[in-house]
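The values are calculated or read from the model by the stated rules, or taken from the named source; none is laboratory data. For clarity, every value in this text was computed on a predicted model and none was experimentally measured. Here the Cβ positions follow ideal geometry from the backbone for every residue, glycine too, while neighbour counts run over all protein chains shown. For accessibility, only protein heavy atoms count, side chains too; no ligands or nucleic acids. Shrake-Rupley method; radii C 1.70, N 1.55, O 1.52, S 1.80 Å.
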Amino acid sequence: MVRLRNAIVCAPASSMTLGITTRDVGPPDVERALAQHARYCKALERCGLQVTSLPPDPSFPDSTFVEDTAVLAERCAVVTHPGAESRRGEIAAIRDGLRRFFPTLEAISAPGTLDGGDVCRVGDRFIIGISARTNEEGARQLGGFLERAGYSWTPVDIRGIEGLLHLKSGMAALDDDRLLLIDGLAERSELAAHRVVGVEPREWRAANCVRVNQHLLLPRGYPATERALRRMGFSLVVLNVSEFEKMDGGLSCISLRF
Ligand code: GLY
């Protein structure tokens, strides 16, 4: 797998409770979210990443979910055009934050929309979810940038899968071949080239985990998945992200890793 060296994060703003969510489990506790975020950053550092923190901006309640604002790879860096209008203003700060790492930044433009949470890299292939946030045009634009940089891409329509905001809410690359998948994705022909590891339906949110170099970050609260992954030999770092889950977020959404 590509060695990751950096992460960009943005701690939750005081306005986090006003962000977009489809869940009906009450608002997040911002103090608790800040503590969870700090532990997450420490875990990224333990995995060998240098963490750059952008200042929280209360004008953008969802701005802690930085993964949606860019797609980053060794030969290609793309700033997105998020599907939710209220999130489009998050891009300016991310663009500024990325400039010192990526001299050339491509950008998705209207009518294309794309959230980075809909993009899952497995080896040199990028799987792009067509969702309520990412449209075909956004996927096509990103695919073009990726192809020109020597990567391949495949669109997967996830609009029929109930409860799935982003592709990576239900999929994670465990390495350059294996995908951890929820039931609704496990049978998809577009993913047949990969070895599939399934998550139990009642633990489907565990599919939002993140491989970072030698470790796999896994959300707390999914014991069957944790046991299965340990048996497979993964070095797990289990983290509580309960306050982010209340806002449809998870482990992958709160950092950009490259
Ligand atoms: N709350 C994150 C999002 O809906 O994009």
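Structure values in brief
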{"item": "Descending Cα extents along the principal axes, the stretch 90-217, whole Å", "result": "41, 34, 27"}
{"item": "Residue 203 - accessible surface, heavy atoms, 1.4 Å probe, Å² rounded to 10", "result": "10"}
{"item": "Residue-span extension gain [residue 31 to residue 240] - 0.36 nm each, minus C-alpha spacing", "result": "73.9 nm"}
{"item": "Residue of 224, 206, 43 that the Gaussian network model of the chain assigns the largest fluctuation, springs spanning Cα pairs under 10 Å", "result": "224"}
{"item": "Percentage, to the nearest whole number, of Cα pairs in the chain over 29 Å apart", "result": "22"}
{"item": "Table column - 3J(HN,Hα) (Hz), the stretch 151-163, Karplus curve with 6.51, -1.76, 1.60, x for Gly and Pro", "result": "9, 10, 8, 9, x, 9, 7, 10, 5, x, 9, 5, x"}
{"item": "Gained length - residue 15 relative to residue 154, 0.36 nm times residue gap less alpha-carbon distance", "result": "46.5 nm"}
{"item": "Residue among 208, 223, 233 farthest towards the positive dipole end of the stretch 188-258, charges placed on Cβ", "result": "233"}
{"item": "Rough spin-label spacing in nm, given labels placed 7 Å along Cα→Cβ, for residue 99 and residue 202", "result": "5.2"}
{"item": "Cα gyration tensor shape of the stretch 43-91, rounded if a/c is under 1.5, else prolate or oblate by comparing a/b with b/c", "result": "oblate"}
{"item": "Accessible-area value, residue 171, 1.4 Å probe, nucleic acids and ligands omitted, Å²", "result": "0"}
{"item": "Net lengthening on full extension, residue 227/residue 3 (0.36 nm per residue, minus Cα-Cα)", "result": "78.1 nm"}
{"item": "Net charge of Cβ neighbours under 12 Å - reference residue 49; Lys, Arg +1; Asp, Glu -1", "result": "+4"}
{"item": "Antiparallel bridge percentage (DSSP; both residues within the chain; nearest 5)", "result": "45"}
{"item": "Rg(Cα)/(2.2 N^0.38 Å) for the stretch 178-258, N = residue count", "result": "1.08"}
{"item": "Relative contact order (%) - the stretch 130-258, alpha-carbon pairs under 8 angstrom, separation at least six", "result": "18"}
{"item": "Residues with amide H under 5 Å from that of residue 213, placed H, sequence gap 5 or more", "result": "4"}
